[in-house]
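Read the figures in this text as sums done on the coordinates, not as results from a lab. Worth saying up front: this structure is predicted, and the values here are computed from it rather than measured. Positions of Cβ are backbone-derived with ideal geometry, glycine not excepted, and every protein chain shown enters the neighbour counts.
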Amino acid sequence: MEDYIKHTIWGEADNILPIAQGIHLVTTPSHGGYVLSKDRIEVLKFMFPCAKPYKGDDRYWEEDCDWVYVVMAFPQHFDDDLVQLATKQYQINIEQETPMSKWHVSQKEEE
């Protein structure tokens, strides 16, 4: 397993769940999210060119809201209910013209 999957920007991985080749759901004592391979990043960025993960590293997509991009980019690997929820959340943000990065306001204020 690649080192960047075990040693994440959120800390040392407690749990690593392979979703598909190049997609892992990772949890740490403090946080977690999806970790993507280079090939998966290229696909996601092609589909959502303006998508930027909260921490700025395209390998790591936060569990709080960045997950929406991962699920929408690779719906074949997720349950229909989760895809529907991601699509709905994405649409709400488009309608409200609220960038997903605003969901992290409280964390940004702490840094």
* Reduced Cα scattering model of the stretch 3-97, Debye log10 I(q)/I(0), q = 0.10, 0.14, 0.25 Å⁻¹ -> -0.24, -0.47, -1.42
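Excluding residue 40 itself, what net charge comes from residues whose Cβ is under 14 Å from its Cβ, given Lys and Arg +1 and Asp and Glu -1?
-3
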* To do: May I ask for the net charge around residue 49, where only other residues with Cβ less than 13 Å from the Cβ of residue 49 are counted and Lys, Arg are +1 while Asp, Glu are -1?
  => 0
* **Peptide ranges 41-47, 79-85 listed from the most packed, as the mean C-beta count within 10 angstrom indicates** => 41-47, 79-85
* **Magnitude of the charge dipole, the chain, Cβ model with Lys/Arg +1 and Asp/Glu -1, debye to 20** => 280
* CD proxy at 222 nm, helix term only [per DSSP H run n ≥ 4: -39500 (n - 2.57); per residue of the chain; nearest 500] -> -10500 deg cm²/dmol
* **Segment residue 39-residue 76, length gained on full extension (0.36 nm per residue, minus Cα span)** => 11.7 nm
